[in-house]
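Here's the structure we're looking at; comments come further down.
The values are calculated or read from the model by the stated rules, or taken from the named source; none is laboratory data. Computed from a prediction, not measured in an experiment: that's the story for all the values here. Neighbour counts run over all protein chains shown; Cβ positions are idealised from the backbone, glycine included.
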Amino acid sequence: MIFAPDCLADRRILVAGASSGLGRQVAIQMAECGAEVVLAGRNEARLAETLSAMAGTNHRIVLADLSSVDAADALVKTTVAAVGPLHGVFYSAGESALAPVRTTKAQHLEQVFGAGLFGAFGVARAASRKGALCDGGSLVFMSSVSATRGRRGMAAYSAAKAGIGGLIRALAIELAPRSIRANAIAAGAVVTAMHDAFAGTVSEEMVGNYRDLHLLGFGRPEDIGHCAVFLMSDASRWITGQSLAVDGGYTAK
């Protein structure tokens, strides 16, 4: 373990989008560091799988729809009513659906912007209210290098992730009087089930070319987990309003 096993001790942290992928890994690593974690998502069976992989016993599952502002807002209210004020929120819900701008339909935008941006805004709105998040707390949202780097077919996804950047900068200013931090992790390509599914739809050459854009190759879920723990801990007490690039050097070029 890189971090002290008690660096998040006695902290209540909501992980939204904990049923798989990066959200699952972050929940596991936060539990290893002593946090009491609330796992939120739509799929109860998958959330149970996450729970079974976590250290400690003082965790719980909350079923939630994160595709709208109001539903995500309600998740925070429900969680706070059950466990008390939170010390942190990690938000990783969202979908990636490729389509060029010329063929993008309203349904596609609604799908990508739903959990990817509207849900994040709903969580942020609820967490901003007094009594929801402890003073000195931390909000961490998953973003992507796509927020600042254009790629074919990624217009909707890129726009949603760029919105996360604007959200955390405004939150940082609004919540600074309470010493609450708001940051994002702008990830490069990380090997998850979603990544593998996408890789299976394109040629090996395309996957290889994309890998080469990352100076250190594709990332692992733990790489994101380490950054999330850091941003949730007191070690990041002087960092707010930032999108930290955790991308294997993708944006260095």
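The table that follows gives values for the structure above.
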quantity: Extreme residue, nearest to the chain's Cα centre (by Cα), among residues of segment 211-253 that are more than 17 Å from residue 7 (Cα to Cα) and polar (S, T, N, Q); calculated: 243
quantity: Residues of segment 1-48 classified as part of a loop (DSSP other than H, G, I, E, B) and either under 17 Å from residue 116 (Cα atoms) or not β-branched (Val, Ile, Thr) (or both), total; calculated: 19
quantity: Test: residue 119 is in contact with a Phe, Trp or Tyr (Cβ under 8 Å, 6 or more places away or on another chain) and farther than 26 Å from residue 249 by Cα; calculated: yes
quantity: Of all residues making up segment 30-58, the number that are over 22 Å from residue 71 (Cβ atoms) and out of contact with any His (no Cβ under 7 Å at 6 or more places or on another chain); calculated: 13
quantity: Qualifying residues in segment 131-188 (those that are modelled with pLDDT under 95 and charged (D, E, K, R)) - the one surrounded by the fewest Cβ atoms within 10 Å (Cβ to Cβ); calculated: 152
quantity: Lone qualifier among 48, 97 - being among the aliphatic types (A, V, I, L, M), at negative phi and modelled with pLDDT of 95 or more; calculated: 48
quantity: One residue from 15, 80 being in contact (Cβ under 8 Å) with a residue 12 or more places away in the chain, touching a strand residue (DSSP E or B) at 6+ places or on another chain (Cβ under 6 Å), of a type outside the set (Phe, Trp, Tyr) and crowded, with 19+ Cβ neighbours inside 10 Å; calculated: 15
quantity: All positions within segment 49-76 that are in a helix (DSSP H, G or I) and over 19 Å from the mean Cα position of the chain (by Cα); calculated: 52
quantity: Residue 99 touching a His at 6+ places or on another chain (Cβ under 7 Å), in a loop (DSSP other than H, G, I, E, B) and not acidic (Asp, Glu); calculated: yes
quantity: Test: residue in segment 189-197 that is buried (at least 19 other Cβ atoms within 10 Å of the Cβ), farther than 20 Å from residue 120 by Cα and among the hydrophobic types (A, V, I, L, M, F, W, C); calculated: yes
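A quick yes/no check of all residues on (1) hydrophobic (A, V, I, L, M, F, W, C); (2) in a helix (DSSP H, G or I); (3) at pLDDT 95 or above:
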| position | (1), (2), (3) |
| --- | --- |
| 194 | yes, yes, no |
| 198 | yes, yes, no |
| 207 | yes, yes, no |
| 216 | yes, no, yes |
| 226 | no, yes, yes |
| 229 | yes, yes, yes |
| 235 | yes, yes, yes |
| 240 | no, no, yes |
| 244 | yes, no, yes |
